[in-house]
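Each remark here refers to the structure printed beneath this line.
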Amino acid sequence: VDTIERLLIVQERDTRIARLEREIKDIPARKKQEESRLKEHQDAVAKAQTELTAKRAEIKELELESVSRQEKIAKLRQQQLEIKTNKEFKAMEAEIKGVETELTKLEDQELVLMEDAETGKRVLTEKKKALQEEEEAVLTHARTLDERAAEIEVELKSLQERREAAAAEVDPQYLASYEKVHGSKHNALVALEEGVCRGCHMQVPPYVVHESKGRNSVVYCSHCGRLLY
Ligand SMILES: [Zn+2]
C-alpha cells in the first residue's frame, strides 16, 4: 500500500468525522427551533385565555348593571304605590318604562357577549389541544435528536480511533503536509487530472505531472500546496 492510498483512507475518515461533528454541533440549534415552535402555541393559548377572561369580566359588569336597573325598577314600583295623582302616576310609569328599556338593552348585550364567551371557550379548548399535541411531537423529536447525538458520539469515538490507526501507517513527513493543508471544508489530497489540480483548478507545471507518474511518489500543487495523486 503506498502513501497516497494510506492518506486517502485518513482523508476519508477525516471527512466522515467532520460531517458527524457538523451534525452533532447542529443538534442544540435544532432543538431550540423545535421549542420556538412550541412558543407559538403557548402564545396562542395565552391569547385565547386573555380574551375569554376579558369577555367574562364584561359579562360580569353588565350583570351588575342589570341588577342595579332591576333594583331601581322595584324601588320605583314601590314609590308608585304611594302616588296620589294620575299625572304623577303616569310620569312615574314613563320613568319605569325608560329604565326597563335600558335593562332590555343590557340583557341583549349580555346575550351577545355570552355567545362570544362560548366561542372563546371553544377556541381556548382547541388551542390547548393543539399545544398538547405539539408538546408531545416536540418531546418525541427532542428524544430522537438526543438519541442521534448519542449515536454520533459513539461513531465519532470509533472513527477517531480508526483515523489515528490509519494515520500511524503514513510516513510522518507526508502526514504533516496533509494535516497542514487539510481543512474541514476542503481536502488536502486531491486528484491531478490532465495536469489540473482538482483542489484549486489550476494547471500545474509539466515537471509536477511528470513526477506524479513515478511509483509511490507524492507531489504538491505549486499553487495551493495540496497533495496530488
Ligand atoms: Zn492546487
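Do we have any residue at all in segment 204-221 that's within 14 Å of the ligand (Cβ to nearest atom) and surrounded by fewer than 17 Cβ atoms within 10 Å (Cβ to Cβ)?
yes
Within segment 161-174, count every residue that is among the hydrophobic types (A, V, I, L, M, F, W, C) and either touching a His at 6+ places or on another chain (Cβ under 8 Å) or within 14 Å of Asp2 (Cβ to Cβ) (or both).
The qualifying residues number 2.
Conditions tested, residue by residue: (1) more than 16 Å from the ligand (Cβ to nearest atom); (2) of a type in the set (A, V, I, L, M, F, W, C); (3) more than 30 Å from Lys31 (Cα to Cα).
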| position | (1), (2), (3) |
| --- | --- |
| Thr140 | yes, no, no |
| Leu156 | yes, yes, no |
| Ala176 | yes, yes, yes |
| His186 | no, no, no |
| Leu189 | no, yes, yes |
| Leu192 | no, yes, yes |
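Considering only residues that are assigned to a helix (DSSP H, G or I) and either touching a helix residue (DSSP H, G or I) at 6+ places or on another chain (Cβ under 8 Å) or touching a residue at least 24 places away in the same chain (Cβ under 8 Å) (or both), look in segment 81-100 and name the one that is farthest from Glu65 (Cα to Cα).
The qualifying residue farthest from Glu65 (Cα to Cα) is Phe89.
List the residue pairs whose Cβ atoms are under 6 Å apart, where the first residue sits in segment 200-218 and is among the hydrophobic types (A, V, I, L, M, F, W, C), the second is at pLDDT below 90, and the two are 6 or more positions apart or on different chains.
As it stands, the answer is Val218/Thr3, since those pairs meet every condition given.
Give just the number: which of (1) modelled with pLDDT of 90 or more; (2) within 25 Å of Lys25 (Cβ to Cβ); (3) away from the ligand (no atom under 14 Å from the Cβ); (4) not in a helix (DSSP H, G or I) does Val170 not satisfy?
Going through the list (1) modelled with pLDDT of 90 or more; (2) within 25 Å of Lys25 (Cβ to Cβ); (3) away from the ligand (no atom under 14 Å from the Cβ); (4) not in a helix (DSSP H, G or I), Val170 breaks only (2).
Picking from Leu156, Leu131, Leu124, which residue would you name as being within 23 Å of Ala18 (Cα to Cα), in contact (Cβ under 8 Å) with a residue 60 or more places away in the chain and part of a helix (DSSP H, G or I)?
Result of the check over Leu156, Leu131, Leu124: Leu156.
Here is a list: Lys105, Lys72, Lys55. Which entry is within 30 Å of Leu38 (Cβ to Cβ) and either basic (Lys, Arg) or buried (at least 16 other Cβ atoms within 10 Å of the Cβ) (or both)?
So the residue among Lys105, Lys72, Lys55 that is within 30 Å of Leu38 (Cβ to Cβ) and either basic (Lys, Arg) or buried (at least 16 other Cβ atoms within 10 Å of the Cβ) (or both) is Lys55.
The values are calculated or read from the model by the stated rules, or taken from the named source; none is laboratory data. Values in this document were obtained by computation on a predicted structure and should not be read as measured data. Positions of Cβ are backbone-derived with ideal geometry, glycine not excepted, and every protein chain shown enters the neighbour counts.
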